[in-house]
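Comments concern the structure below.
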Amino acid sequence: QVQLVESGGGLVQPGGSLSLSCAASGSIANIHVMGWYRQAPGKQRGLVATMTGGGITKYADSVKGRFTISRDNAKNTVDLQMNSLKPEDTAVYYCNAAGVMVPPTQVLELWGQGTLVTISL
């Protein structure tokens, strides 16, 4: 069974930092894109940051310069370092893996269970 397991999250004050980690497990041959999305209360889930296996990154405008995504292709992990956090960053953060190649022929998209990040005094 292939799945994503997230760790990190929690409560931090504005201006603080937090790190999220996500690991894909199971019989996975390759993952095209790994990244993070978030969903704030009353809002739709949206992109935070993604990275391809070749290292191409994409960030939401609202997090550029504050968040950094990194990935270990050999370990099928993706991390998100979040700095200078703002109250508007409060959301449930979801790990995503797209183009997950599972031998012999499956190609899947996976979501993590979500982890809550709260930015508050």
| task | Mind checking the full-extension length gain between Gln44 and Glu88? Use 0.36 nm per residue of separation minus the Cα-Cα distance, one decimal, nm. | result | 14.4 nm
| remark: A 1.4 Å probe over the protein heavy atoms gives the chain a carbon and sulfur accessible-area percentage of 51
| query | Quick one: putting +1 on the C-beta of Lys and Arg, -1 on the C-beta of Asp and Glu, what dipole do you get for region 1-91 around its Cα centre, in Debye to the nearest 20? | reply | 160
| What lysines could a cross-link reach from Lys86, if we take a straight Cα to Cα line under 25 Å and drop same-chain neighbours fewer than 8 places away? | Lys43, Lys58, Lys64
| note | Of the residues Asn96, Ser27, Phe67, the Cα lying farthest along the dipole of the chain towards its positive end, which is defined by charges on the beta carbon of Lys, Arg, Asp and Glu, belongs to Phe67
| query | At what distance in angstrom do the alpha carbon centres of region 93-121 and region 51-78 lie from each other? | reply | 13
| note | With every protein chain kept in place and a 1.4 Å probe, the chain has an accessible area per residue in Å² of 52
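The values are calculated or read from the model by the stated rules, or taken from the named source; none is laboratory data. Remember, it's a predicted structure, so these values are computed and weren't measured experimentally. Note: ideal-geometry Cβ built from the backbone for every residue, glycine included; neighbour counts use all protein chains shown. Accessible surface areas use protein heavy atoms only, side chains included; no ligands, DNA or RNA. Shrake-Rupley method; radii C 1.70, N 1.55, O 1.52, S 1.80 Å.
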